[in-house]
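Trainee: This structure is in structure tokens; I'll ask about it shortly.
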Amino acid sequence: MSLCVIDSVLLYIDTSAVELAKLYGNRSAVFYQMALEAETEDAGNEDISEILQHALNDALKSVELDPAYEKGHFRLVQAQLSFLSPWGR
């Protein structure tokens, strides 16, 4: 399922912004973990950068939806720092 389809589904879920923030934050964590695993599998820099960009975008959306969601802020910092780390591209 493409990210566009998933985003469309998330927009139509009858839930609060707080709950959507958690969903985006969790998906950001999944993308971050995928990037870590891609690094251990020696994936290309472009692949890892793309995955990290998805993690960053979801973290931003999470914080946008619920600025009080602390894990959203953690995910955002985690994603931002990953671009500065040796494995983040």
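Trainee: Once both labels are modelled 7 Å past Cα along the beta-carbon direction, what's the residue 47-residue 84 spacing in nm?
Mentor: That separation, rounded to one decimal, is 2.7 nm.
Trainee: Could you work out the local net charge near residue 29, counting Lys and Arg as +1, Asp and Glu as -1, over the other residues with Cβ closer than 12 Å to its Cβ?
Mentor: Neighbourhood net charge equals +3.
Trainee: To continue, here is another question. What is the gain in length, in nm to one decimal, between residue 74 and residue 15 on full extension, counting 0.36 nm per residue of separation less the C-alpha to C-alpha distance?
Mentor: 19.0 nm
Only the coordinates and a few stated rules stand behind these numbers; no lab work does. These numbers come from a predicted model, not from an experiment. Positions of Cβ are backbone-derived with ideal geometry, glycine not excepted, and every protein chain shown enters the neighbour counts.
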